[in-house]
Amino acid sequence: MSSCTSCNSCDPAAAELCTAAAEADIPTVWDRYAAQQPQCGFGSLGVCCRICWKGPCRIDPFGKGPQRGICGADRDTIVARNLSRMMAAGAAGHSEHGRHIALAMQRVGHNELPAYQIRDEAKLTAVAKRLGVPTEGRAIGPIAYDVATLTLEDYRNQDHHHACNWITSSLPKKRIDKLRALDVLPHNIDATVAQIMARTSVGCDADPTNVVLGGIKGALADFTGMCLATELSDAMFGTPQPVVTTANLGVIRKDSVNIAVNGHNPLLSEVICDVARTMQDKAKAAGAKDGINIVGICCSGNEVMLRHGVPLATNYLSQELAILTGALDAMVVDVQCIMPSLGEVAECFHTRLVTTMDENKMPGATHVSFHEEHAEETARTIVEMAIDAFTLRDPKRIRISSAVSKAVVGFSAEAVIGALAKIDPDDPLKPLVDNIVNGNIRGIALFAGCNNTQSMQDGGFQTIAKKLAKNNVLLLATGCGAGAFAKLGLMTPEATNAYAGDTLKAVLTAVGEAAGLGGPLPMVLHMGSCVDNSRAVAVATAIADRLGVDLHELPLVASAPEAMSEKAVAIGTWSVCLGLPTHIGTVPQVTGSAVVTDLLTRGAGDLFGGYFIVEPNPDAAADTLLGAIEERRRALGL
Ligand code: XCC
């Protein structure tokens with residue numbers, strides 16, 4: 001593992017480009033992290049309350065100073081409210097993304113958006129059947145309209161007794177019954193988010209357990225938003241299938257017009273890819289002999305990587321470094337996880353930073369307003385801006401990174417089950433279930449979540465994954481965790497051969513060869529962006545249904561070694577609520593309250609079967625996850 005102390009990353013490209021940043025005196029995220037030290041202890045413990053203007057109030061963690069805020073809220077109430085509001089914000093982010101897709105699909109159903117089609121009719125039909133939308137003898141347009149309309153019901157249903165359609169159709173019945181009995185099933189995504197904000201405002205819900213249970217309903221609303229965003233995106237843009245591509249900053253090419261898509265929403269990045277294909281000659285005429293090169297960053301990158309094999313430039317923490325190559329001609333951003341510093345970095349280069357969503361603008365960026373009805377026109381304008389910028393490059397400042405890895409990606413639930421079906425067409429899950437039961441696969445781990453400056457970038461992912469693979473655990477990944485594995489060459493058959501335990505390697509080889517990949521499946525299966533965490537749940541639900549058990553009984557764990565965003569707080573929480581032992585490598589901002597900390601790490605286990613494991617040391621975290629897997633196996637009698 002190579003590491004760069006100034007940028008605290010194990011990504012070789014980060015080490016290279018951080019040097020370029022230092023030489024050019026351009027601050028990066030790591031410099032700003034250093035400037036923030038020491039970080040606020042009250043905030044780190046979660047005991048600072050800024051909910052009203054009598055405050056801010058803070059609780060003295062040592063018990064000598066104030067133990068209550070001015071209104072009387074104690075540490076437990078304050079921590080619980082702060083945490084629940086993070087879950088609400090996470091749910092808002094994912095479900096707003098989902099709403100955008102659903103609204104677009106409604107219009108696709110009515111042929112109102114020429115830039116979009118239903119590319120995967122089989123997926124849409126399967127989704128329609130799952131939701132109870134009639135399909136027999138109907139054209140695809142009306143089915144799309146009805147599926148989208150029913151989806152939007154999850155944002156407007158006012159009947160508290162009717163849980164959101166997408167959550168009830170995405171989990172095992174036993175799990176739904178459990179969540180219903182605990183009164184945490186959301187009936188309406190928007191209302192759930194609004195209720196969390198209302199009940200945590202001044203003078204409302206002050207019972208910490210009740211506040212956290214309210215937040216949990218928000219986390220399950222987040223899951224609901226994710227399921228629908230993933231499934232509708234697959235219907236519109238195609239369900240990922242295995243594809244070989246490349247990852248890391250070396251995918252930025254000297255002789256191409258390089259355009260990075262950064263953010264989350266495929267509605268924009270898909271059309272940029274489509275339009276760029278038609279503008280290659282224009283780029284070549286401007287002097288870019290290799291034409292236009294689209295590359296991805298964060299989850300926009302994961303989306304187009306899985307569906308089209310577009311190379312992934314990098315994940316969250318090193319997004320600024322893409323500009324430092326001096327060869328990025330445009331970075332096009334939409335929503336979420338886009339650093340506000342990008343404008344300042346882009347101003348030091350020829351790079352055009354383009355914001356596209358009217359509710360997400362940034363200083364230093366050019367705003368090109370994106371609306372689906374004019375998607376192609378907008379995409380063309382952006383690609384033209386990139387071609388113009390290409391002609392303004394300063395050749396002396398170009399620093400193409402040598403870091404690039406092969407990555408075999410595209411493992412949607414359908415792709416995984418499709419590969420297994422090559423072994424047993426009549427019962428595709430049987431090979432997977434048999435190998436879990438006989439112990440060739442000890443369990444399954446889902447790696448999710450972000451990068452965080454509090455850890456070495458990508459380091460925890462790498463250490464934990466290698467140890468789990470060696471111990472024959474099947475590995476899945478999404479979001480910036482998946483980005484880490486792709487960059488580090490761990491999404492390859494070569495990594496399987498190098499690091500997987502013998503029995504896991506044998507299974508991955510048998511399935512990979514049967515699926516026509518000419519070798520083992522990669523050591524870590526890339527399932528997509530953060531919203532695509534629902535894909536891993538779909539596989540787990542299929543296994544649970546096959547075995548007639550609930551999710552918390554399966555040898556299934558999750559890990560987010562660098563959890564950072566509010567969305568990660570929501571994802572981690574629903575993972576716990578679905579019954580998974582869920583590791584986070586970042587100490588959450590809750591430890592100021594023993595009540596909330598105990599609820600998350602122990603009480604949740606009694607209620608949901610899942611619980612949080614907080615362990616910043618990756619090696620120790622791997623051991624704890626292996627222990628959790630073996631405990632589940634024993635309980636199943638395996
Ligand atoms: Fe953002 Fe999805 Fe986290 Fe990456 S993983 S830092 S949320 S981009 Ni979702």
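The values are calculated or read from the model by the stated rules, or taken from the named source; none is laboratory data. Remember, predicted model here, so these are calculated numbers, not experimental data. With ideal geometry, Cβ positions are generated from the backbone for all residues, glycine too; neighbour counts draw on all protein chains shown. Just so you know, the surface numbers come from the protein's heavy atoms only, side chains and all, with ligands and any DNA or RNA stripped out. Shrake-Rupley method; radii C 1.70, N 1.55, O 1.52, S 1.80 Å.
Summed over segment 615-636, the residues that are within 26 Å of residue 179 (Cβ to Cβ) and outside any helix (DSSP H, G or I) give a count of 1.
Tell me, please, whether a residue that is at pLDDT 95 or above, within 16 Å of the ligand (Cβ to nearest atom) and within 26 Å of residue 10 (Cα to Cα) can be found in segment 533-543. Even if it seems obvious, please write down each step before you answer.
Step one: list which residues in segment 533-543 are at pLDDT 95 or above, which gives 533-543.
Now narrow it down to the ones that are within 16 Å of the ligand (Cβ to nearest atom): 533-537.
Retained after the next criterion (residues that are within 26 Å of residue 10 (Cα to Cα)): 533.
Within segment 533-543, one or more residues are at pLDDT 95 or above, within 16 Å of the ligand (Cβ to nearest atom) and within 26 Å of residue 10 (Cα to Cα).
Of all the residues in segment 127-138, those that are open to solvent by 60 Å² or more (accessible area, probe 1.4 Å) and at negative phi number 5.
Residue pairs whose Cβ atoms lie under 8 Å apart, separated by 6 or more positions or on different chains, with the first residue in segment 623-638 and under 18 Å from residue 470 (Cα atoms) and in contact (Cβ under 8 Å) with a residue 60 or more places away in the chain and the second part of a helix (DSSP H, G or I) and β-branched (Val, Ile, Thr), are 625/464.
Applying the selection to segment 316-345, what residues are among the polar types (S, T, N, Q) and open to solvent by 10 Å² or more (accessible area, probe 1.4 Å)?
Result: 336, 341.
What residue, of 151, 168, 135, 77, is β-branched (Val, Ile, Thr), more than 30 Å from residue 543 (Cα to Cα), touching a helix residue (DSSP H, G or I) at 6+ places or on another chain (Cβ under 7 Å) and at pLDDT 95 or above?
77
Rundown of residues vs (1) closer than 25 Å to residue 547 by Cα; (2) hydroxyl-bearing (Ser, Thr, Tyr), yes/no style:
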| residue | (1), (2) |
| --- | --- |
| 430 | yes, no |
| 449 | no, no |
| 455 | no, yes |
| 489 | no, no |
| 511 | yes, no |
| 516 | no, no |
| 519 | no, no |
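Counting only residues that are within 16 Å of the ligand (Cβ to nearest atom) and touching a strand residue (DSSP E or B) at 6+ places or on another chain (Cβ under 9 Å), give me the strands (runs of 3 or more DSSP E) lying completely in segment 190-305 with at least 3 of them.
Working: elements: 243-247, 257-263, 292-297.
So the answer is 257-263, 292-297.
Take the conditions at pLDDT below 95 and either more than 13 Å from the ligand (Cβ to nearest atom) or of a type in the set (Lys, Arg) (or both) and apply them to residue 515. Does it pass?
Values: at pLDDT below 95: yes; either more than 13 Å from the ligand (Cβ to nearest atom) or of a type in the set (Lys, Arg) (or both): yes.
Taking the combined requirement at face value, the residue satisfies it.
Check 252, 294 and return the single one that is of a type in the set (Val, Ile, Thr), open to solvent by 10 Å² or more (accessible area, probe 1.4 Å) and either within 26 Å of residue 347 (Cα to Cα) or free of Cβ contacts under 8 Å to residues at least 60 places away in the same chain (or both). Only one candidate passes the filter, namely 294.
Exactly one of (1) of a type in the set (Ser, Thr, Tyr); (2) in contact with a helix residue (DSSP H, G or I) (Cβ under 9 Å, 6 or more places away or on another chain); (3) surrounded by fewer than 24 Cβ atoms within 10 Å (Cβ to Cβ) is unmet by residue 601. Its number? Here residue 601 meets the rest and fails (2).
Scanning segment 12-25 turns up no residue that is modelled with pLDDT of 95 or more, open to solvent by less than 40 Å² (accessible area, probe 1.4 Å) and part of a loop (DSSP other than H, G, I, E, B).
Suppose we filter 527, 564 for residues that are surrounded by fewer than 22 Cβ atoms within 10 Å (Cβ to Cβ), within 25 Å of residue 314 (Cα to Cα), within 14 Å of the chain's Cα centre (by Cα) and within 16 Å of the ligand (Cβ to nearest atom); which single one remains? Quick ask: steps written out before the conclusion?
Working: 527 fails: surrounded by fewer than 22 Cβ atoms within 10 Å (Cβ to Cβ).
Just one listed residue meets the conditions, 564.
Scan segment 236-244 and tell me whether some residue there is of a type in the set (Ser, Thr, Tyr), buried (at least 23 other Cβ atoms within 10 Å of the Cβ) and over 21 Å from residue 398 (Cα atoms). Looking through segment 236-244, at least one residue is of a type in the set (Ser, Thr, Tyr), buried (at least 23 other Cβ atoms within 10 Å of the Cβ) and over 21 Å from residue 398 (Cα atoms).
Considering only residues of segment 474-483 that are farther than 15 Å from residue 251 by Cβ and among the small types (Gly, Ala, Ser), which is nearest to the ligand (Cβ to nearest atom)?
Of segment 474-483, the ones farther than 15 Å from residue 251 by Cβ are 474-482.
Then keep just the ones that are among the small types (Gly, Ala, Ser); that gives 477, 479, 481-482.
Working: 477: 10, 479: 3, 481: 7, 482: 8 Å.
Once the filter is applied, the top-ranked residue is 479.
Pairs meeting the criteria (first residue in segment 189-203 and open to solvent by less than 40 Å² (accessible area, probe 1.4 Å), second residue among the hydroxyl-bearing types (Ser, Thr, Tyr) and part of a helix (DSSP H, G or I), beta carbons under 6 Å, at least 6 apart or on different chains) are 189/95; 189/224; 196/84; 200/84.
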